[in-house]
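Here's the structure we're looking at; comments come further down.
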Amino acid sequence: MRMVLGIGAGLALIGAMLIGAIYGDKMLNSNDNAASTVATAPSTTVEYAPPSIEEVPDGPMKEAILYGYDLVNETNVVAADFVGNQLSCTSCHAGAGYDRDSSSLVGVTGAYPQYIGRSGGIVTIEERINGCMVRSMNGKKFAVDSDEMEAMVAYFAYISEGIPVGADRDWAMKNTMDDIPVPSVEDGEKVYQQSCIACHGADGQGIGANTGPALWGPDSFNDGAGLSRIGKMAGYVKNNMPVGAAGTLTDQEAADLAAFILSQDRPEWKNHDKDFPGMERPTDIMDKEKRQQVKDGTIDWAKVVGK
Ligand code: HEC
Ligand code: HEC
């Protein structure tokens, strides 16, 4: 029911049939997936079958799970005070984390605590969520015992049902391009004009968090977010964009698009110097200094992509 209302409201808002159809499709897909839960028997292959958000069992957890779903799906609206841009978690984790290919969050509660190099230590699920809040959402952290954080964790635990702790989730962390071709900003701009402006706008400001989110500018993620790295942006775009024709771009086109998008101005992350403690800083992070080099024409793209 919530989703039907969501689609209706989305349609009314954007009034664009094409986008409505695509959005609707995604929702249907996540419902198709939702048939059954997996048995918790230890096994090497884990089935991708998260329970549907339409079938949350009655009980003390239900309200929190549904609130968590809303927080993840419409973060910029439902948690506006904490979000510093116009994105939702769904802007990058499509279908509120249900979409298998778009940095799926199914099984994520069993994958934490986990060692993360960027933090240089063990990170809990709450800290990982807050990592996306301060970087990808350019916002503020939720207190660990806040209603918002508890609801998000309840929701992620729900869609992770049946996935054993420490299981090998073969759908997770797939959106990184390891061998990045040396990109061209000019070529990226051409592909952008052709394949991306319908949903993200010629000015990159988008049409809505879940229909075409802002790719740069004040309403987008800051340059400390994962997607501010050429390798992660290129991998994400290659695997997921354009919506409706994912998988049609070459590695070169995806790298060109990543270079074009990440050469534009965006909010700045203030704590770059604290990231990746004790290790070499990845060369493909597009921070203010590199954006300036693009403007000056002094950037060494081969070095950025490690060639
Ligand atoms: C601008 C894009 C973007 C937005 C918006 C975003 N994330 Fe992420 N998130 C990422 C990327 C990129 C990763 C790393 C995953 C990968 O490399 O495939 C990630 C990883 C995660 C992980 C760890 C996943 C794993 O498998 O270990 C969690 C949990 C997470 N995000 C939660 C959230 C939540 C909650 C929100 C909303 C408050 C959010 N994210 C918003 C881009 C985003
Ligand atoms: C038909 C509409 C559509 C087209 C065309 C499209 N996108 Fe998207 N894009 C979306 C939607 C919707 C999302 C939110 C995630 C999802 O639903 O998959 C998104 C998310 C993104 C994100 C992550 C969120 C953010 O704010 O950074 C990036 C990056 C992105 N698109 C890049 C591109 C690029 C590059 C192209 C062109 C090759 C493109 N998109 C074409 C609809 C579209």
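The values are calculated or read from the model by the stated rules, or taken from the named source; none is laboratory data. Computed from a prediction, not measured in an experiment: that's the story for all the values here. Virtual Cβ from ideal backbone geometry, glycine too; neighbours counted across all protein chains shown.
Structure notes:
- For the criterion of being part of a loop (DSSP other than H, G, I, E, B) and surrounded by 20 or more Cβ atoms within 10 Å (Cβ to Cβ), Asp170 fails.
- Checked against (1) assigned to a loop (DSSP other than H, G, I, E, B); (2) touching a residue at least 60 places away in the same chain (Cβ under 8 Å), Leu227 passes all but a single condition, namely (1).
- Residue in the stretch 237-250 that is within 15 Å of ligand 1 (Cβ to nearest atom), outside any helix (DSSP H, G or I) and loosely packed, with under 15 Cβ neighbours inside 10 Å present: yes
- Taking (1) hydroxyl-bearing (Ser, Thr, Tyr); (2) at pLDDT below 90; (3) crowded, with 18+ Cβ neighbours inside 10 Å in turn, Thr90 satisfies each apart from (2).
- Scanning the stretch 111-127 for residues that are of a type in the set (Gly, Ala, Ser) and more than 10 Å from ligand 1 (Cβ to nearest atom) yields Gly117, Ser119, Gly120, Gly121.
- Tabulated pairs, the stretch 191-217, first assigned by TED's automatic domain parsing to the domain that holds Thr250, second in a helix (DSSP H, G or I) and among the charged types (D, E, K, R), C-beta under 6 angstrom, 6+ apart or interchain: Val191/Glu253
- Residue within the stretch 114-126 that is out of contact with any strand residue (DSSP E or B) (no Cβ under 7 Å at 6 or more places or on another chain), assigned to a helix (DSSP H, G or I) and not assigned by TED's automatic domain parsing to the domain that holds Thr211 present: yes
- Scanning the stretch 192-222 for residues that are within 12 Å of ligand 1 (Cβ to nearest atom) and under 14 Å from the mean Cα position of the chain (by Cα) gives Ala209, Asn210, Pro213, Ala214, Leu215, Ser220, Phe221, Asn222.
- Checked against the criterion of being of a type in the set (Gly, Ala, Ser), surrounded by fewer than 21 Cβ atoms within 10 Å (Cβ to Cβ) and within 16 Å of ligand 2 (Cβ to nearest atom), the candidates Gly84, Gly110, Gly95, Gly59 yield just one match: Gly84.
Residues checked against (1) closer than 27 Å to Asn138 by Cα; (2) among the β-branched types (Val, Ile, Thr); (3) in contact with a Ser or Thr (Cβ under 9 Å, 6 or more places away or on another chain); (4) within 13 Å of ligand 2 (Cβ to nearest atom):
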{"position": "Asp179", "(1), (2), (3), (4)": "no, no, no, no"}
{"position": "His200", "(1), (2), (3), (4)": "yes, no, no, yes"}
{"position": "Pro218", "(1), (2), (3), (4)": "yes, no, no, yes"}
{"position": "Asn222", "(1), (2), (3), (4)": "yes, no, yes, yes"}
{"position": "Gly226", "(1), (2), (3), (4)": "yes, no, yes, yes"}
{"position": "Glu253", "(1), (2), (3), (4)": "no, no, yes, yes"}
{"position": "Arg266", "(1), (2), (3), (4)": "yes, no, yes, yes"}
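- Any chance Ser184 is out of contact with any Gly (no Cβ under 8 Å at 6 or more places or on another chain) and of a type in the set (S, T, N, Q): yes
- Taken together, Gly110, Gly131 contain a single residue that is more than 18 Å from the chain's Cα centre (by Cα) and not assigned by TED's automatic domain parsing to the domain that holds Ile299, which is Gly110.
- Just one of the numbered conditions (1) surrounded by fewer than 23 Cβ atoms within 10 Å (Cβ to Cβ); (2) in contact (Cβ under 8 Å) with a residue 60 or more places away in the chain is not true of Tyr155: (1).
- Sole residue being within 12 Å of ligand 1 (Cβ to nearest atom), over 20 Å from Asp99 (Cβ atoms) and part of a loop (DSSP other than H, G, I, E, B), chosen from Asn138, Asn175, Asn130: Asn138
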